[in-house]
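First up is the structure itself, then whatever we jot down about it.
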Amino acid sequence: MEKNVRKVIYSTGYYKDLQEIYLYGAETFGKIFADIFIEEIHHTASGLSYKFNTYPECKHIPTKTKMYRNIILGKYLIIYRIKADKIEVLSAFHGSRSAKVIRSSRSVKL
């Protein structure tokens, strides 16, 4: 049985988003909690190589192919795009952000 595994690629904006999430978490909840949460985000995103179809289509970026998906971790969203040969992790941010900000993930280039 052949597994459908794809390489996971991260945008530079995603890394910037993680830094902002970490700084907010460290200031609000402490460095230990921030470290744990960032590790959870990273672990979940890296697992997309084989679990990319597990998560729902991003309701803010609907397409016929359902290529834009999101992972919900607490109050945060990780937005990714499914391509034929890879998974592109585009951004991570608080779910309270406006729909316009979420839709802007569509234009992220890798």
For this session: Go through Ser96, Ser91 for me and flag whichever is polar (S, T, N, Q) and in contact (Cβ under 8 Å) with a residue 24 or more places away in the chain.
Result: Ser91
Problem set entry | Selection within the range 98-109 - within 14 Å of the chain's Cα centre (by Cα) and either in a loop (DSSP other than H, G, I, E, B) or modelled with pLDDT of 95 or more (or both) | Val108
For this session: Tell me which of these Tyr76 doesn't satisfy, since it passes every other one: (1) of a type in the set (Phe, Trp, Tyr); (2) within 13 Å of the chain's Cα centre (by Cα); (3) exposed (fewer than 15 other Cβ atoms within 10 Å of the Cβ).
Result: (3)
Exercise. Which of the residues belonging to the range 65-104 are touching a strand residue (DSSP E or B) at 6+ places or on another chain (Cβ under 8 Å) and at positive phi?
Worked result: Lys66
Problem set entry | Residue within the range 3-16 that is aliphatic (A, V, I, L, M) and out of contact with any strand residue (DSSP E or B) (no Cβ under 8 Å at 6 or more places or on another chain) present | yes
Exercise. Does at least one position in the range 46-68 carry a residue that is touching a residue at least 24 places away in the same chain (Cβ under 8 Å) and in a strand (DSSP E or B)?
Worked result: yes
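Out of Lys31, Lys86, I need the residue that is out of contact with any Phe, Trp or Tyr (no Cβ under 8 Å at 6 or more places or on another chain) and closer than 22 Å to Lys7 by Cβ. Which one?
On the way: Lys31 fails: closer than 22 Å to Lys7 by Cβ.
Exactly one residue qualifies, and that residue is Lys86.
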Seminar exercise, completed: Selection over the range 58-69 where residues are at pLDDT below 95 and either of a type in the set (D, E, K, R) or crowded, with 20+ Cβ neighbours inside 10 Å (or both) yields a count of 5
Seminar exercise, completed: Selection from the range 71-86 of residues within 12 Å of Asn53 (Cα to Cα), assigned to a strand (DSSP E or B) and not aromatic (Phe, Trp, Tyr) yields Ile71, Arg81, Ile82
Exercise. Regarding Tyr24, is this residue touching a residue at least 40 places away in the same chain (Cβ under 8 Å) and either more than 21 Å from Leu110 (Cβ to Cβ) or of a type in the set (Phe, Trp, Tyr) (or both)?
Worked result: no
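Does Ile9 qualify as being assigned to a helix (DSSP H, G or I) and modelled with pLDDT of 95 or more? Give the steps one after another, and end with the answer.
Numbers: assigned to a helix (DSSP H, G or I): no; modelled with pLDDT of 95 or more: yes.
No.
The values are calculated or read from the model by the stated rules, or taken from the named source; none is laboratory data. Computed from a prediction, not measured in an experiment: that's the story for all the values here. With ideal geometry, Cβ positions are generated from the backbone for all residues, glycine too; neighbour counts draw on all protein chains shown.
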